[in-house]
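Structure first, commentary second.
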Amino acid sequence: MAVDHINAQGGVKALGGAKLKLVVLDSGDSTEKAKSAAQRMVAQEPDLVAASAAYLSSFTLAVTVWPFTVPESVALHGSVVPPDEVT
């Protein structure tokens, strides 16, 4: 997989060779379950710097609007959220 390949090549060079770690969580079937999964991820992974968002934009929106579930310091990559919702 890509994570293994990147780590075998010396990690993320721009981050001083930092190794990647793949963490997979089930976001469930509702925005509340997605929010709960994001909260668990943040609590269990104190060194988290980036995350891939849920497969549904409504789930991503649930974890990225105030109050933030995923801290602003974490780069979140994922679903597109309608611009009117992110203001």
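The values are calculated or read from the model by the stated rules, or taken from the named source; none is laboratory data. Given the structure is predicted, the values throughout are model-derived calculations rather than measurements. Cβ placement follows ideal geometry from the backbone for every residue including glycine, while neighbour counts extend to all protein chains displayed.
For region 3-21, taking the residues that are under 14 Å from GLU45 (Cβ atoms) and of a type outside the set (D, E, K, R), the one that is nearest to the chain's Cα centre (by Cα) is identified as LEU20. Checking each residue in region 4-26 for being assigned to a helix (DSSP H, G or I) and surrounded by 10 or more Cβ atoms within 10 Å (Cβ to Cβ) picks out ASP4, ILE6, ASN7, LYS13, LEU15. A count restricted to region 44-64 and to residues that are at pLDDT 75 or above and under 11 Å from LEU25 (Cβ atoms) stands at 4. Among the residues examined, ASP29 qualifies as part of a loop (DSSP other than H, G, I, E, B) and acidic (Asp, Glu). So, in region 22-54, how many residues would count as being among the basic types (Lys, Arg) and more than 12 Å from the chain's Cα centre (by Cα)? Here the count works out to 1.
For region 5-18, state whether one or more residues are modelled with pLDDT of 80 or more and among the polar types (S, T, N, Q). Yes, there is a match, as at least one residue in region 5-18 is modelled with pLDDT of 80 or more and among the polar types (S, T, N, Q).
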